[in-house]
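Before any comments, here is the structure.
The values are calculated or read from the model by the stated rules, or taken from the named source; none is laboratory data. The shown structure was predicted, so the numbers you read here are calculated from the model rather than taken from an experiment. Every residue, glycine among them, receives a Cβ derived from its backbone with ideal geometry; neighbour counts consider all protein chains shown.
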Protein chains: 2
Amino acid sequence: MFEEKGGVKRPLILVTNDDGYKAAGIEALVEMVKPFGNVVVVAPEEGYSGMSHAITIKVPLRLKQRKHSEGVKFYTINGTPVDCVKLAMSQLFTNRLPDLLVSGINHGSNSSISIIYSGTMAAAIEGCLYNIPSIGFSLLDYDENPDFEASIEYGRIILKQVLDNGISRGCCLNVNIPVLPMKSIKGIRVTRQNKGTWREEFEKRTDPRGVDYYWLTGYFHNEEPDATDTDEYWLNNGYISVVPVQVDLTNYSEIDKIKKWNLENINVYAEKNK
Amino acid sequence: MFEEKGGVKRPLILVTNDDGYKAAGIEALVEMVKPFGNVVVVAPEEGYSGMSHAITIKVPLRLKQRKHSEGVKFYTINGTPVDCVKLAMSQLFTNRLPDLLVSGINHGSNSSISIIYSGTMAAAIEGCLYNIPSIGFSLLDYDENPDFEASIEYGRIILKQVLDNGISRGCCLNVNIPVLPMKSIKGIRVTRQNKGTWREEFEKRTDPRGVDYYWLTGYFHNEEPDATDTDEYWLNNGYISVVPVQVDLTNYSEIDKIKKWNLENINVYAEKNK
């Protein structure tokens, strides 16, 4: 995919996002990762925020080549962030899989429960299903052109460690950066997902034909405001949060509880025919 | 929402799915749950398979009342399964939240890694974020009109236990049913999510204008075919699988590993200005 000069293999880095290829965040992410290797951007043509792990099965996907530059190949597709990862793996990385996948920089937080709605993190989770070290980056700023300086500098520190150490199979990183100038950021903390929910406040309106419709709005409700080891806590205290995320959703402690319900001793057919 | 006869409160059950309100699976699910309480169906107008935890933020949602019947109220919305749950909670269950949420019966498996792409399971996960006992049901049959007899009978056994015992906060159930006649189903097993991935085989075609496009296809790759405690294993051996699923994606064992990278001792600004 890239010419190897003098037989030296530079790391191959796949970049994607969920805000679409025109977002300032993906430009900042390319800048962050360029010093580490050859970059292939495969991003959605449009914004796909809140698309979670959605895949496109009803319409066919198209892969468009955009303008390449030195060390950076650029493609877009008419699909979700997860589609981008899958199609890139299948059609672009045919000889060699990427050494790293990065997604973002998202315009807005993906801490706490927001992770499950996030297209940014879905792309990172999909990357780790290919056993590729994967990181999602999110800046807690919804501005279209925020200051990415701290995200880029701290992001490179995390990237270096990931390239040096790897991440365990079935695990990826959720990195969130507070909206602070560089000098106010206190550092990095390895944390856990805060327990919380989005409380929905739909805004009800009526269209000119008299039919009601609803816009999704909402606010975050923190269910453990006193915890001091969560992503929310450290972000609120001026730190960048790194949460290791897994694809196994099994609640192991609940297995034993449910086994006590005695479901495993029931056979409907045998009971009816004894 | 329902008249309480003689002051007796019947359980209030929210039913949804990701195959759309016309699917045979949701009809079977209503039949399964009707004996347990009053039923409110809020389902997508169209099929939303593979939509995962996607939410609709670009277009407004509309809630349509359909034909009610004795003990069953019926609504549809132009959104995803998660939208259905959120809008139902906000607009329909204003006085009293449901006592139970059930999603499905999905036409096709949601075992192993399929759970993260599944709209059926996303609705169940969203339900448990409202602290409502929630269950997703999936029959491993992609037929439009499969035999739901075993799903309904065994589903009722599981439902009864959930109504009697509850499910821990932040946890819901992923129930998968093998494609077997009642007499061949051996029973129920409480299991864990099998490690596996979908390997993508995109089918590449060329449209009449000479432009390439891709259809997502793919096959399941089981990463632990020898494990004997997974959903895949028990389904393949004629059992219904029940996996307790959690919303906390933190990989706790990985936290300690990553702490050893020494990220927590770095402050970029302080180092540049010392």
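Among the residues of region A:14-39, the ones that are within 14 Å of A:Glu70 (Cα to Cα) and either among the aliphatic types (A, V, I, L, M) or in a loop (DSSP other than H, G, I, E, B) (or both) come to 4 in all. Scanning region B:28-56 for residues that are of a type outside the set (Phe, Trp, Tyr), modelled with pLDDT of 95 or more and under 16 Å from B:Ile135 (Cα atoms) yields a total of 13.
The set of residues from region B:186-228 being under 21 Å from the mean Cα position of the chain (by Cα), within 25 Å of B:Glu153 (Cβ to Cβ) and of a type in the set (D, E, K, R) comprises B:Arg189, B:Arg192. Condition first: under 20 Å from B:Ile125 (Cα atoms) and among the small types (Gly, Ala, Ser). Now tell me which residues in region B:51-79 satisfy that. Once the filter is applied, which keeps residues that are under 20 Å from B:Ile125 (Cα atoms) and among the small types (Gly, Ala, Ser), region B:51-79 yields B:Ser52, B:Ala54, B:Gly79.
Search region A:170-185 for residues being in contact (Cβ under 8 Å) with a residue 60 or more places away in the chain and assigned to a loop (DSSP other than H, G, I, E, B), and hand back the single one that is nearest to the other protein chains (Cβ to nearest Cβ).
Here is the first cut: in region A:170-185, the ones in contact (Cβ under 8 Å) with a residue 60 or more places away in the chain are A:170-178.
With the extra rule that they be assigned to a loop (DSSP other than H, G, I, E, B), the set shrinks to A:170, A:178.
On the way: A:Gly170: 7, A:Pro178: 14 Å.
Restricting to residues being in contact (Cβ under 8 Å) with a residue 60 or more places away in the chain and assigned to a loop (DSSP other than H, G, I, E, B), the top hit is A:Gly170.
Table: residues versus (1) in a strand (DSSP E or B); (2) free of Cβ contacts under 8 Å to residues at least 60 places away in the same chain; (3) under 17 Å from A:Ile167 (Cβ atoms).
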| site | (1), (2), (3) |
| --- | --- |
| A:Lys67 | no, yes, no |
| A:Val82 | no, yes, no |
| A:Ser90 | no, yes, no |
| A:Pro98 | no, no, yes |
| A:Asn145 | no, no, no |
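Quick check: anything in region B:241-250 part of a helix (DSSP H, G or I) and modelled with pLDDT of 95 or more? Looking through region B:241-250, none of the residues is part of a helix (DSSP H, G or I) and modelled with pLDDT of 95 or more. Looking across region A:199-248 at every residue that is within 8 Å of another protein chain (Cβ to nearest Cβ) and of a type in the set (A, V, I, L, M, F, W, C), the one that is farthest from B:Val85 (Cα to Cα) is identified as A:Val242. Filtered by the rule that a residue be farther than 15 Å from B:Lys257 by Cβ and either β-branched (Val, Ile, Thr) or surrounded by fewer than 23 Cβ atoms within 10 Å (Cβ to Cβ) (or both), region A:160-174 gives A:Lys160, A:Leu163. Restricting B:Ile157, B:Ile188, B:Ile125 to those that are crowded, with 22+ Cβ neighbours inside 10 Å, outside any strand (DSSP E or B), among the hydrophobic types (A, V, I, L, M, F, W, C) and facing chain A (nearest Cβ under 8 Å) reduces the list to B:Ile125.
Kindly check whether there is at least one residue in region B:251-272 that is part of a strand (DSSP E or B), at pLDDT 95 or above and of a type outside the set (Asp, Glu). I'd like the intermediate steps shown before the answer.
Taking region B:251-272 as the starting set, the residues that turn out to be part of a strand (DSSP E or B) are none.
The answer is no; no qualifying residue exists.
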